[in-house]
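Here is the structure we will look at.
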Amino acid sequence: MAKILAVNLQNSDVTIGMDDGSVAHVPLKEFDFVPEVNSSVEVFKDGDNFIINRSSNAVVSSTSNTNTGNTVVISRVTYVLLAWFLGCFGAHKFYEGKVGVGFAFIAMFILGCVLFIPVLVEIVFIFIDVIEALKAKTVESMPPGMMEVKKGGFFLTAIK
């Protein structure tokens with residue numbers, strides 16, 4: 001099984017240690033997944049092109065929501081932007097997978113059209129969620145900017 005030794009994003013080049021002890025430099029465009037250092041891959045050469053397959057024990061990298069048990073992996077930037085610009089409609093909560101809480105935000109917004117207090121409460125909740133998202137640590141096995149959060153609860157609870 002070949003192993004990814006280095007990923008150079010500036011040159012769009014990935015260095016792979018082959019089974020026979022040789023080293024191959026593969027263009028980043030040959031990958032249909034995000035290559036990560038120390039991941040095991042299968043490498044096949046087809047003329048001048050490479051075919052790279054993730055091995056079954058390689059770390060899965062994804063930029064979409066990935067559900068694993070009681071947590072979900074989401075993009076920190078997407079979450080913060082949704083909270084900042086569409087937070088009053090609960091868009092960040094729907095993105096996080098908390099549909100019930102998202103509908104609660106919509107209900108508070110509708111009630112806030114009549115009364116002013118729910119809108120103020122909603123703004124405080126949004127600020128708490130944005131601060132928690134900015135404090136959350138990046139998941140090491142994922143591309144930069146991804147964070148793992150708990151599924152339950154009203155507020156964002158990042159896994160540290």
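Out of (1) surrounded by 17 or more Cβ atoms within 10 Å (Cβ to Cβ); (2) in a helix (DSSP H, G or I), the odd one out for Val124 is which?
Here Val124 meets the rest and fails (1).
Do we have any residue at all in the range 34-41 that's surrounded by fewer than 17 Cβ atoms within 10 Å (Cβ to Cβ), free of Cβ contacts under 8 Å to residues at least 24 places away in the same chain, closer than 22 Å to Pro143 by Cβ and in contact with a strand residue (DSSP E or B) (Cβ under 9 Å, 6 or more places away or on another chain)?
No, the range 34-41 contains no residue that is surrounded by fewer than 17 Cβ atoms within 10 Å (Cβ to Cβ), free of Cβ contacts under 8 Å to residues at least 24 places away in the same chain, closer than 22 Å to Pro143 by Cβ and in contact with a strand residue (DSSP E or B) (Cβ under 9 Å, 6 or more places away or on another chain).
We did not get these values from a lab; they are worked out from the coordinates using the rules stated. In this text, all values refer to a predicted model and were calculated from it rather than measured experimentally. When we count neighbours, we look across all protein chains shown, and the Cβ atoms used for this are built from the backbone with ideal geometry, even at glycine.
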